[in-house]
């Protein structure tokens, strides 16, 4: 069972489909590959390779987006320095976390999304501080 944070349950739950065949990029269900799920046959290995390739593609997109987000943090650091605002603004961070949790459709639960974004925010704040500390006055 996947447990979520407070609020109404999200549409994706393990209870909704305790054994739902997964259809991979090739459109093949592991259950239909002969020998059952995870049988290790050639079709299963091909599906595994295709899923891993898809994860690699998504990872590249994530790196690109994280660096775009980091560039925004750099610019925000310059502005905060000019406005003499602190790098750490807890209310803004709480708003971000609330927004990303609210927009989470699953299958990651809300706590996982919160942990991931807490780390992303922490790295962005460190980058802002670096910019603010090293920019000429």
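If you check residue 69 against the conditions, is it surrounded by 14 or more Cβ atoms within 10 Å (Cβ to Cβ) and modelled with pLDDT of 95 or more? Quick ask: steps written out before the conclusion?
Values: surrounded by 14 or more Cβ atoms within 10 Å (Cβ to Cβ): yes; modelled with pLDDT of 95 or more: yes.
Here the answer is yes, as residue 69 does meet what is asked.
Kindly provide the set of residues from the stretch 68-109 that are under 14 Å from the mean Cα position of the chain (by Cα) and free of Cβ contacts under 8 Å to residues at least 60 places away in the same chain, ordered by number. It would help to see each step written out before you state the result.
The initial filter retains those residues of the stretch 68-109 that are under 14 Å from the mean Cα position of the chain (by Cα), namely 69, 96-97, 99-109.
Within the stretch 68-109, 69, 96, 97, 99, 100, 102, 103, 108 meet the criteria.
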*Which listed residue is exposed (fewer than 13 other Cβ atoms within 10 Å of the Cβ) and in contact with a helix residue (DSSP H, G or I) (Cβ under 9 Å, 6 or more places away or on another chain), from 123, 135, 128*: 135
*Which condition number in (1) in contact with a helix residue (DSSP H, G or I) (Cβ under 6 Å, 6 or more places away or on another chain); (2) not in a helix (DSSP H, G or I) is the one that residue 105 fails?*
(1)
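The values are calculated or read from the model by the stated rules, or taken from the named source; none is laboratory data. In this text the structure is predicted, and so the values were computed from the model without any measurement. Because the Cβ atoms are built from the backbone with ideal geometry, glycine has one as well, and the counts that use them run over all protein chains shown.
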